[in-house]
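Since the structure comes first, as structure tokens, the remarks are kept for the end.
The values are calculated or read from the model by the stated rules, or taken from the named source; none is laboratory data. Treat the numbers as computed from the prediction; the structure is a model and nothing was measured. Please note: Cβ atoms are built from the backbone with ideal geometry, for glycine as well, and neighbour counts cover all protein chains shown.
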Amino acid sequence: MKDRNITLHINGEAHSLTVTVNRTLLDVLRDELGMTETKYGCGTGECGACTVLVEGKAVNSCLTLAATMDGKRITTVAGLSDFGRLDHIQQAFVDEAAIQCGYCTPGMVMKTASLLAKNPDPSEAEIRHALEGNICRCTGYEKIVKAVKKAAQTMPGRAAAVEPCKEAVQ
Amino acid sequence: MSEQAIVGTNAPRVDVRDKATGQAQYAADIQLPGMLYGKVVRCWEHAHARVKRLDLSAAAASPGVVRVIGPKDVTPKRYNSSVLDLMVSESMHDMLGDIDDQPIFTEHVKFQGDAICGIIARSEEAAERAAAKIVVEYEPLPVYLTAEASRAPGAVQFTPEKPGNLAFQLPEPMFPNHALGGGDVEGAMRDADIVVEDAFYVPKQKQCQMEPHAYVAKVDSGGRLTCWTSSQMPKLVQRKLAKLFDLPMNLVKIVPTVIGGGFGTRLGMISEPQACAMALAVPGHPVKLQTLREEDWVISPSRHPGKYWMKIGFKRDGTPVACDARFENYKGGYYLDASGTAFTAGAWLGGMYRFPTLRYRGESYFTNQGLTGAYRGYGNPQTNFVLEQLIDRGCAELGADPVEWRKKWHKGVGDDGWCPGVTYPSCALDQCLDRGAAAIGWTEKRRKYARQEGTIRRGVGVAVMNHTSGAMPMLLEHTACTVKLNEDATAEILFACSDMGQGSHTALKQIAAETLGFPFDHVQLSGGTSDVAGFDIGAHASRTIYVGGAAVKKACEEARRQLLERASLQLGVPADQLDIRDKRIFVKADPARGIEAEAITRAGVYHFVDPMTGEPGGVPGQIQGYVSFFAPHNSPPFGASFAEVEVDTETGEVRVIELVNAHDIGRAINPAAVEGQLEGGIQQGLGFVLSEEIDYDAKGRVQNNSFTDYKMFGPEDMPRITTILVEDADPIGPFGAKSVGESGLVSPVGAVANAIFHAIGIQFTEAPITPEKVLKGILEKGVRDYASIRGNR
């Protein structure tokens, strides 16, 4: 198997390393760089626990080859908080009691970040649709959906007079 | 205390910031210097076979490999990965007949995924490459996937200890004629005017906890074995491993890690024996063993599937006269938990309605399916699917309203609960039924949907359930707890029962702070490692708040007693006239008079004799409260679920529109956490009744060990949820609390099945009720209005 030299810009910091071309981004983050905040849940892109942002877009890091990530900006859940100060999405998950075992949380938070970047005012149906690739077995999604709504409402820079979150179409 | 400042609030979870930022350390996140990586080589091609030849040599020579170990390199002793054998008395153990039948590495493969040998290497990749070089030849054996097949004459015996492959049946003499209950059931049934009876099938459901099982194990230079594990039962795993490896318990240390979901799958051990056997083979080196999702799927136990037959008789006025039932469950290849679910399925049945005569028989047969063990509900969803559908069939025949019938005939205060002789101390099921019915619009919708036209039909259904708060008196309910007060009047609590993500440690901290009269943030609660924490039976049977909370409360009451006694000396007021709030001790009748708790705790720790006078400065000694607590009861919670469904009679699809879960939980210590348990339970209950089942091919190989092929309810599939917390304080539970961990899953099962019955007039006897089964049912029986069923006409 061939090796390749790459540079990953993770949470604002450049990491130059040599990776074997079959290594996934998830493996490199966890095993090579010790960034264990991103979780392995299935290895086949079905559960979303390994979701990170690449250039602001959510990807399953278990399906992404690290060698193809040369020069890319990557954000993990640890990149959202600053010395334990939670960002608005993390805070919304805390406030809405949307975290139980916590294993899906890093992926859920990153998927929310990518959703809100594209759609700052999602309806409940849009939130549920966006989270379809992220499995949670603890919450029944009820409080996670509420947390995403709250994160949308508390997004920094959001105009004071925001429309209330649109309700799902029944 | 008449009013609580902290209990009953949504205090933030103690671990939530770590989890939100990714700092929480699960077992797979652990990195230790010099760490090696383990890989268990498993049999994937057969579910039943003998190992004819095993050659480890090529794998051992593979680059990066440190050791390869097979059956002959590890202890020949066998184990039982579950823990029921440690939770009962010796005489009970002998009567139940629990056995140790699991080898670390096997020469008789009994299910797909059985462990053959282990590889220890310098990297996971090296271990995986070496695994491909293991040479193993099998002699295939007949595969038995049902009880009928495995008990047939001439079948290969799974163990000589259990002839006929009958792993368990309710034992004499505790259960005369191998039955729970008894009496003249046939005679009582003859007196019935209406009899409903059917044979059901309940599915093999998987916990699907999000964190795959992972371990680290290490043997230090003193021969002490340390195992990092996410088991729900660290103290029992300590004893199990000590027994398996012939070590005194002080030489086995368990370090509990953050748990990424349990739901029963971590009750006891899974691959701790293999991880520790590897560590013992390479002393001094930590060995990490991680399982892949598809591996986790086949090696960790699932819910017990099987055949469940039931018959219920009623008088014409609705009076139930008898219930007769038999659950024949399909074990996997090993014994673990064979006795548990076979009993409890009947126990929940016995605890529900006032049947004057009831007989339940429960049996477990070995099969070559994957292992079966604990799964949230532990026999209860199986019983709910069967019992609640037959009750509704009876109601339809009688022309009775299913809510009113249940209100009239459910058991309540003073009746025997799931264990005969242990009576219900509290029951607010009527409130659950009334409030749930109002929330879903029961009366109007039952009438409206009883006559419908068109391809899309709607229905509403109800189901009720009883569960438990801890497993007393059948199983040991023991928890030790220590609370120590620091010199600055903050408290540190040591309590070994795991928090699997439910938020139990947060609620326990609320109980502690409330009892002590300290602010929430001035109390710390740690699970502790096995060498530091006292005994605890583990997180099972929805016991953590009811039993553990009572233990924490008692330990804190002891610390509080000592604190007030010392304050009493200082204030010259009897201790019973003092109270504590926000760490200030004050005279109840004269709140302005008091003393800061810190003045007492500091003087106890920093205790000096005045050099001038020789007088001591206060009472010496650090205040500690300790309790070794045994639960006096099991105060069962009750619940009523209401479902509204829409059935597409052309495609067979069932859409759940709304699910109301009304629960009698005694008292919600942390309401948001309680809601979270009930909401999460609904997702798993809907899966049980509508979509989730592990499928096998004829050779016993799993066909759907992935989240794509195994269908769980996703965020878009979930219905509108209404959670109703009925708080009617239990006289025994801490601050009136009963349990909530498992029970939210149970009654959605029956409620959905009954809503389908209401919508299309057909009952389905096999769960999950998939679109294929619905279509088949419609083809065979035809859609009919609920109003056209005999009793309703």
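Checking each residue in region B:679-688 for being more than 8 Å from chain A (Cβ to nearest Cβ) and hydrophobic (A, V, I, L, M, F, W, C) picks out B:L686, B:F688. Residue count for region B:83-132, restricted to those that are within 14 Å of chain A (Cβ to nearest Cβ) and among the polar types (S, T, N, Q): 1. The residues listed here are B:P273, B:P301, B:P283; of these, the one that is within 25 Å of B:I116 (Cα to Cα) and surrounded by fewer than 21 Cβ atoms within 10 Å (Cβ to Cβ) is B:P283. In region B:515-527 there is at least one residue that is without any contact (Cβ under 8 Å) to a residue 40 or more places away in the chain and buried (at least 24 other Cβ atoms within 10 Å of the Cβ).
Within region B:153-208, the set of residues being in a loop (DSSP other than H, G, I, E, B) and either under 30 Å from A:R137 (Cβ atoms) or polar (S, T, N, Q) (or both) comprises B:Q157, B:T159, B:P203, B:K204, B:Q205, B:K206, B:Q207, B:C208. Out of all the residues in region B:4-19, which are more than 7 Å from chain A (Cβ to nearest Cβ) and within 14 Å of A:C104 (Cα to Cα)? B:D18, the sole residue that qualifies. Regarding region B:554-570, can at least one residue be identified that is surrounded by 16 or more Cβ atoms within 10 Å (Cβ to Cβ), under 15 Å from B:F495 (Cα atoms), touching a Ser or Thr at 6+ places or on another chain (Cβ under 8 Å) and not polar (S, T, N, Q)? Yes: one or more hits.
Listed by position, the strands (runs of 3 or more DSSP E) contained in region B:555-674 that have at least 3 residues being within 30 Å of B:G459 (Cα to Cα) and within 14 Å of another protein chain (Cβ to nearest Cβ) are B:638-648, B:654-664.
For (1) more than 13 Å from chain A (Cβ to nearest Cβ); (2) modelled with pLDDT of 95 or more; (3) under 28 Å from A:M110 (Cα atoms), each residue gets a yes or a no:
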{"residue": "B:T21", "(1), (2), (3)": "no, yes, yes"}
{"residue": "B:P33", "(1), (2), (3)": "no, yes, no"}
{"residue": "B:G38", "(1), (2), (3)": "yes, yes, no"}
{"residue": "B:K52", "(1), (2), (3)": "yes, yes, no"}
{"residue": "B:S57", "(1), (2), (3)": "yes, yes, no"}
{"residue": "B:S62", "(1), (2), (3)": "yes, yes, no"}
{"residue": "B:V65", "(1), (2), (3)": "yes, yes, no"}
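Considering region A:37-52, and only residues there that are facing chain B (nearest Cβ under 7 Å) and small (G, A, S), the residue that is farthest from the chain's Cα centre (by Cα) turns out to be A:G43.
Among the residues of region B:689-708, which ones are touching a residue at least 12 places away in the same chain (Cβ under 8 Å) and either within 13 Å of chain A (Cβ to nearest Cβ) or more than 25 Å from B:Q389 (Cβ to Cβ) (or both)? Result: B:E692, B:Y696, B:A698, B:K699, B:G700, B:R701, B:V702, B:N705, B:S706, B:F707. Checking region B:209-220 against the condition returns a match, with at least one residue being over 22 Å from the mean Cα position of the chain (by Cα), away from chain A (no Cβ under 13 Å), crowded, with 23+ Cβ neighbours inside 10 Å and basic (K, R). Just one of the listed residues (B:M174, B:M189) is modelled with pLDDT under 95 and more than 30 Å from B:G681 (Cα to Cα), namely B:M174.
Of all residues in region B:232-255, those being crowded, with 24+ Cβ neighbours inside 10 Å and either out of contact with any strand residue (DSSP E or B) (no Cβ under 7 Å at 6 or more places or on another chain) or modelled with pLDDT under 95 (or both) number 3. Checked against the criterion of being among the acidic types (D, E) and without any contact (Cβ under 8 Å) to a residue 24 or more places away in the chain, the candidates B:E727, B:E716 yield just one match: B:E716.
Going residue by residue through region B:661-672, is there one that turns out to be surrounded by fewer than 21 Cβ atoms within 10 Å (Cβ to Cβ) and within 30 Å of B:A47 (Cβ to Cβ)? Scanning region B:661-672, I find no residue that is surrounded by fewer than 21 Cβ atoms within 10 Å (Cβ to Cβ) and within 30 Å of B:A47 (Cβ to Cβ), so the answer is no.
The criterion of at least 1 residues that are among the small types (G, A, S) and within 27 Å of B:G741 (Cα to Cα) is met by the following strands (runs of 3 or more DSSP E) wholly inside region B:218-327: B:306-314.
Exactly one residue out of B:P420, B:P425, B:P402 is outside the structural domain of B:D98 (by TED's automatic domain parsing) and touching a Cys at 6+ places or on another chain (Cβ under 6 Å), and it is B:P402. Checking the conditions here, which among B:G346, B:G340 is closer than 21 Å to B:P636 by Cα, assigned to a helix (DSSP H, G or I) and modelled with pLDDT under 95? It is B:G340. Taking the criterion of being in a loop (DSSP other than H, G, I, E, B) and either more than 16 Å from the chain's Cα centre (by Cα) or modelled with pLDDT under 95 (or both), the residues of region A:57-71 that qualify are A:D70, A:G71. Looking at A:G133, is it on the phi > 0 side of the Ramachandran plot and modelled with pLDDT of 95 or more? Taking the combined requirement at face value, the residue does not satisfy it.
Scanning region A:62-113 for residues that are at the interface with another protein chain (Cβ under 7 Å from one of its Cβ atoms), of a type outside the set (A, V, I, L, M, F, W, C) and closer than 17 Å to A:G133 by Cβ gives A:Y103, A:T105, A:P106. The lone criterion from (1) touching a Cys at 6+ places or on another chain (Cβ under 9 Å); (2) of a type in the set (S, T, N, Q); (3) closer than 21 Å to B:A428 by Cβ left unmet by B:S706 is number (3). Within region B:421-453, if we keep just the residues that are of a type in the set (A, V, I, L, M, F, W, C) and in a helix (DSSP H, G or I), the residue that is nearest to B:N634 (Cα to Cα) turns out to be B:L429. Looking across region A:92-117 at every residue that is over 14 Å from the mean Cα position of the chain (by Cα) and of a type outside the set (A, V, I, L, M, F, W, C), the one that is farthest from A:T154 (Cα to Cα) is identified as A:Q100.
The residue list B:P771, B:P748 contains one member that is touching a residue at least 40 places away in the same chain (Cβ under 8 Å) and surrounded by fewer than 18 Cβ atoms within 10 Å (Cβ to Cβ), which is B:P771. Condition first: of a type in the set (F, W, Y) and within 14 Å of chain A (Cβ to nearest Cβ). Now tell me which residues in region B:227-267 satisfy that. Hits for region B:227-267 are B:W228, B:F263.
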